[in-house]
Amino acid sequence: MTTTTTNTTPPSPSNNDKDTSTSNASTTIDTPSVPPGHQLITEGQITMLYPQSENSVFYNPVQVQNRDLSVLMLGMYAERRTERAWVSARRKEVRKEMMMSEQLEKEEQKKKEEEEMLQAWY
């Protein structure tokens, strides 16, 4: 098994914005040794161990772009669906607020009319 070590510098939590101290963290990534009858395939940031036999799952390297586009489209769909749900909920809130304000205006108008009718009697 081969081990690769990389240094990363994550942002350090600070109590004020002027603090520029950083800490070094060490991340260890294990690269597995490839057993006989298998192939190590790297696609983007993913590395997979692929068996090379007639009964194994078919891996088509030509479809890399198609898989990338599919993942991108699914991500965009999820974002837009979430945005549409938020907009729909916001519209519902606004409509509810408008209906409540209209109801309050009607109640105030009704009170004014009742007061005017009472004053007309006296």
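Laid out as a table, the results:
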| quantity | calculated |
| --- | --- |
| Looking only at the stretch 52-68, and only at residues there that are among the hydrophobic types (A, V, I, L, M, F, W, C) and open to solvent by 90 Å² or more (accessible area, probe 1.4 Å), the one that is nearest to residue 35 (Cα to Cα) | 57 |
| One residue from 85, 78, 120 being over 31 Å from the mean Cα position of the chain (by Cα), of a type in the set (A, V, I, L, M) and part of a helix (DSSP H, G or I) | 120 |
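The values are calculated or read from the model by the stated rules, or taken from the named source; none is laboratory data. Please read these numbers as outputs of a predicted model, since none were measured by experiment. When the accessible area is computed, the model is the full protein with side chains, heavy atoms only, and any ligands, DNA or RNA have been set aside. Shrake-Rupley method; radii C 1.70, N 1.55, O 1.52, S 1.80 Å.
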